[in-house]
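Data first, discussion second: the structure below is written as structure tokens.
Where a number appears in this text, it was derived from the coordinates with a stated rule and is not lab data. Please read these numbers as outputs of a predicted model, since none were measured by experiment. Here the Cβ is made from the backbone with ideal geometry for all residues, glycine too, and neighbour counts use every protein chain on show.
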Amino acid sequence: MTLHLSIMLWLPVAFAVLALVAPPRFAGRLALLGAALVLGYAVTYLVDFDSGSGVLQYVTDETWIAELGISYKLGLDGLNLLLVALTAILFFSCILWASLRQWDRPRLFYFHFLVAETAVLGALLAQDLALFVVFFDLMLVPFFFLTGMWGGARRVQATMKLVIYTLVGSLLMLTAAVATGVLAAAGPPELSFAFSDLAERPLAESSQNWIFLFFAAAFLVKMPAFPLHGWMPDGYRAMPLPVLAVFSGVLSKVAAYGFLRVCLPLFPDASDHFQTLLLLIAVASILYGSAMAFTTTEARLILGYSSVAQLGFITLGVFALNAQGAQGALLQSFNHGLVVAPALFIVALLAARASGSEDIRDMGGLGMRAPILATMFLIVAFATLALPGSANFAAEFYILLGVFTDHMVIAIVASTGVILAAIYALRLFITTMHNRTGARVESRELSLRDGLVLVPLVLAIIAIALYPQFALERSESTVAPPPTAAAELLPGGTPFAPLEETP
């Protein structure tokens, strides 16, 4: 089967332009159609993908800027396949949610939303470092407008803080990317930013170290990770809910993916050198995020700090620097994205029933009066826990197994995050569903239109919980080294083998 990634990549922009020039009442429908087509492509790739080959598939490789060695190179493998599917699922769900509501200046709203989808897909599909940086930085632009124009209170301050934090990270990334291409081309090789070429031209360890730190700073800010999360509270409060759902569910995963795609294969010595530092940052994020999620009463921030903790687990898996940790990180990325979006939608429904308040102290008493909504919420809440039989259990088991091998103490400390997750997730559910009914709470069941968004996401959560092997087997051949190379790996060596390519 011949499939062209460029079609899926640029479909959202094409429909963004159509939505921009269409009558306002049709903008949401056009945006939803574009997101549905992208989802159809993503599902086709997911089914058609050869999980046992271990090669880069559906490759598009064209020269873009020959003088600078930049190519328009796209491809799918075990590292980005699930994240591309997650992106398509969440953008479709969030646009569906948005299309069922009224928005000021809808044409412009959906235009930015669809441009954001192309930017995220581009960062995930790019197989050229310069192309990756272009799309990674482009992701920020539509969210700047979506937050600044349609955000809530203090949206200007939140937008400026987000831009300042991420702009600094982007400048560091651009510097590091240019240095990587130039230093790798020193001597006979021609200048090239293709990942496959850069992997064959290892840099000196001293160069790897500072370049790695520049990339790490950019990725940790975008995730966000402690202590580079300063923009997160204001940003989570201000973003429109469907925008926040894709931001928390997808954009943070692109940053984690950047470690797997860029840092570990291109800077293996630096990854090994700074492994302990990144593991400590991951543990700090787990503990800090969990503690803050347990103490705050704002529902959005409970989910925001929960995301900091979950991304700490993902970082922990990445820097286990072995196949088990990497597979756990990818599965956790997919599972968290599926969970956080419906959790945020449910927060919006609860706030609508509590006279607009998102403080959990103003909620409560809906469990018996809205059993379907309560059931949806219970499944989503349990999906954040590492209960046996859940996707979270499989993911965190892989992550802790990968870390336990060489860093037993860090693995034991990090495992307390599993207990803390149970505390804040159950606190959120019990307070909003089973406490005394709030004074201003209006009890009503889940509506059909909201069920159209929530039910498919909950079914997807259940499906990945029942059969996590579907995700694991699609990443296994990419993160595991070939047998001949396994013996040559250092204890802290990265698990990735150079990928061959198939069209």
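Provide the net charge surrounding Gly289, with neighbours chosen by a C-beta distance below 15 Å and charges set as Lys +1, Arg +1, Asp -1, Glu -1.
0
How high is the relative contact order of the chain? Use alpha-carbon pairs under 8 Å, at least six apart in sequence, and give a whole percent.
Working: 889 pairs, mean separation 85.8, N = 503.
Once normalised by length, the contact order is 17 percent.
May I ask for the net charge around Pro106, where only other residues with Cβ less than 14 Å from the Cβ of Pro106 are counted and Lys, Arg are +1 while Asp, Glu are -1?
Numbers: positive: Arg25, Arg29, Arg101, Arg105, Arg107; negative: Asp104.
Counting the neighbours of Pro106, the net charge comes to +4.
Of all the C-alpha pairs in the range 279-356, what % are more than 20 Å from each other?
Counting pairs separated by more than 20 Å, the tail of P(r) holds 39 percent.
Which value in Å is the Kirkwood Rh of the chain over different Cα pairs? Kindly include the intermediate steps, with their values, before the conclusion.
Values: mean 1/r = 0.0440 Å⁻¹.
The answer is 22.7 Å.
Please list, in chain and number order, the residues 5+ apart from Val59 or on another chain whose amide H is under 5 Å from its amide H, with Hs placed from the backbone.
Result for Val59 returns Thr502.
I'd like the GluC sites (Glu not before Pro) in the range 176-282 restricted to DSSP loop residues with at most 13 other Cβ atoms within 10 Å, sorted by number.
In loop regions of the range 176-282 (DSSP not H, G, I, E or B), the sparsely surrounded GluC sites (Glu not before Pro) are Glu190, Glu200.
Which value does Rg/Rh take for the range 274-481 over its C-alpha atoms, Rh per Kirkwood?
Over the Cα atoms of the range 274-481, Rg/Rh equals 1.01.
Please turn the phi angles of the range 226-242 into ³J(HN,Hα) values with the Karplus equation 6.51 cos²θ - 1.76 cosθ + 1.60 (θ = phi - 60°), one per residue in order, whole Hz, x for glycine and proline.
For the range 226-242, the Karplus curve yields 5, x, 9, 9, x, 7, 5, x, 5, x, 5, 5, 8, 5, x, 4, x Hz.
I need the shape label for the range 360-481. Rule: rounded when a/c is under 1.5, else prolate if a/b > b/c, else oblate, with a, b, c from the alpha carbon gyration tensor.
On the way: a/c = 4.20, a/b = 1.71, b/c = 2.46.
The shape class here is oblate.
Give, as a single signed number, the net charge of other residues whose beta carbon lies under 14 Å from the beta carbon of Trp10, with Lys and Arg counted +1 and Asp and Glu -1.
That works out to -2.
Just going by the charge dipole of the range 274-481, with Lys and Arg at +1 and Asp and Glu at -1 on Cβ, which of Phe294, Ser333, Ser447 is farthest out on the positive end?
Of the candidates, Ser447 comes out farthest on the positive side.
Residue by residue, what Karplus-based ³J(HN,Hα) values in Hz, rounded to whole numbers, does the range 148-153 have, using 6.51, -1.76 and 1.60 with θ = phi - 60° and x for Gly and Pro?
x, 9, 10, x, x, 4
Hey, what do the phi angles of the range 288-293 turn into as Karplus ³J(HN,Hα) couplings, whole Hz, using 6.51/-1.76/1.60 and θ = phi - 60°, x for Gly and Pro?
Karplus values, whole Hz, x for Gly and Pro: 5, x, 5, 5, 5, 5.
Set the Förster radius R0 to 60 Å, insert the Cβ-Cβ distance between Leu183 and Ile372 as r into 1/(1 + (r/R0)^6), and round the FRET efficiency to 0.05.
It comes to 0.55.
Taking the Cα centre as origin and putting +1 on Lys and Arg beta-carbons and -1 on Asp and Glu beta-carbons, what dipole magnitude results for the range 274-481, to the nearest 20 debye?
500
Where does the chain land at 222 nm, in deg cm²/dmol rounded to the nearest 500, when only DSSP H runs of n ≥ 4 count, each adding -39500 (n - 2.57), divided by all residues?
Computed mean residue ellipticity for the chain: -22500 deg cm²/dmol.
Using amide H atoms built in the peptide plane, which far-off residues or other-chain residues are under 5 Å from Leu387 H to H?
Phe393
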